[in-house]
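Take a look at the structure set out below.
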Amino acid sequence: MSNVTSRWAVAIFTARETPSVLSGTVRAVIAACAGRQATIDVLINGNQQLAALFADVAATFATGGCTLRIWSIAAPDKAHTWNEYVHRIWDTGGITFFIDGYARVRPGALAAIEHRLATSPDALAASGVPTSGRSAKRLREGMLRTGGIHGNLYALKATSMSAIRNAGFRLPLGLYRTDPLLGAALCFRLDPANNQWKRGTVVAVADATWDVDGISELNYKNVVAYFKRQLRQAHGTLETRAVREHMTVNRLPPQLLPATAQDMINQWLSAQPEQARAMFLKHPSCLYAARQLRAPRDWSATQVAPLLLCTHTSETAHVAA
């Protein structure tokens, strides 16, 4: 692995964005890193074609002194990609930002998060807040009041990254709501048996935000995407109950979560059948999501060497299996 040490590390997660959209995201990050030493890792999962295309596009970028690395990760799963980044790719002693591939951070967003973390000694992480979309105002006000992580833009202190690595905490594969689980683990400081949930562990930053493109037209593709998103939301509701059972009720550490979200949810369904039945009566979509969990899923792509590094600095690297 490379031994590059940077003050800032930025991980950009993408799977289905177009090269044009991803280019906008990466250029925005480069602009936000102006004057800083930074390593920007673009992590493309389950889409080798996008990885190859974007590597060619990114070779033309003026990086302003940043190191830009593009990784192609075989398994089409964000949780697995997050695990790979935290445990195998991350190599900096500084603050680490996590950004979704379609979110164009505004110029001062990263600096605002860094300042908030530097002035919040009890915080382990900080999150930006949304400013566009139908639910943005309600979500922003809630986050500023109580904290929480928004997956489009958040950051962890270096000590938090090291603690996660040392504890061996990994997100369950196939997890939809990655950010709430991470937030819960941090609010318990990775040890629910000895720590109460503590507000202020994950803080929201009003001056840190981003821009996204809205859906411009109603068509078949967008309608199908909407219904798929509703099903994922139902799956996420099951995940929330399972995580609560594990950490809040049983007081177990997050590193002892099952390896997959499927196993995590099925564990809760077996432990709390009455709660599950009540949920299914109120939310039939959750019953449909639970039935889908019966189908086996092939995770073999996570067990082979999944990383291919493209870089356009003099640096080269290879990560072994």
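The values are calculated or read from the model by the stated rules, or taken from the named source; none is laboratory data. In this text the structure is predicted, and so the values were computed from the model without any measurement. Here the Cβ positions follow ideal geometry from the backbone for every residue, glycine too, while neighbour counts run over all protein chains shown. Accessible surface is based on the protein model in full, side chains and every heavy atom, while ligands, DNA and RNA are left aside. Shrake-Rupley method; radii C 1.70, N 1.55, O 1.52, S 1.80 Å.
At a glance:
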| read-out | value |
| --- | --- |
| J(HN,Hα) series, region 93-103, from Karplus relation 6.51 cos²θ - 1.76 cosθ + 1.60, nearest Hz, glycine and proline x | x, x, 5, 10, 9, 10, 9, 7, x, 10, 9 |
| Over 30 Å between alpha carbons, listed pairs Lys157/Lys228; Lys157/Lys282; Lys228/Lys282 | Lys157/Lys228; Lys157/Lys282 |
| Solvent-accessible area of Glu17 with every protein chain in place, 1.4 Å probe, in Å² to the nearest 10 | 40 |
| Solvent-accessible area of Asp213 with every protein chain in place, 1.4 Å probe, in Å² to the nearest 10 | 110 |
| Degrees, to the nearest 10: 48-58 long Cα axis against longest axis of the chain | 30 |
| Relative contact order %, the chain, counting alpha carbon pairs below 8 Å whose residues are six or more apart | 21 |
| Accessible-area composition of the chain, carbon plus sulfur, in percent [1.4 Å probe] | 52 |
| HN-Hα J in Hz across region 171-184 - Karplus 6.51, -1.76, 1.60, θ = phi - 60°, x for Gly and Pro | 6, x, 5, x, 5, 8, 8, 5, 6, x, 5, 4, x, 5 |
| Amide N proximity, region 272-293 versus Leu252 label position 7 Å along Cα-to-Cβ, cut-off under 15 Å | 272-273 |
| Theoretical ellipticity at 222 nm over the chain - DSSP helices of four or more residues, -39500 (n - 2.57) apiece, nearest 500 | -12000 deg cm²/dmol |
| Summed residue charge, Cβ within 15 Å of Gly108's Cβ, Lys/Arg positive, Asp/Glu negative | +1 |
| Heavy atoms of Phe13 accessible to a 1.4 Å probe, total area in Å² rounded to 10 | 10 |
| On Cα atoms only, tilt of 136-146 relative to the major axis of the chain in degrees | 80 |
| Hull volume in cubic angstrom per residue (convex hull over the Cα atoms of region 1-81) | 93 |
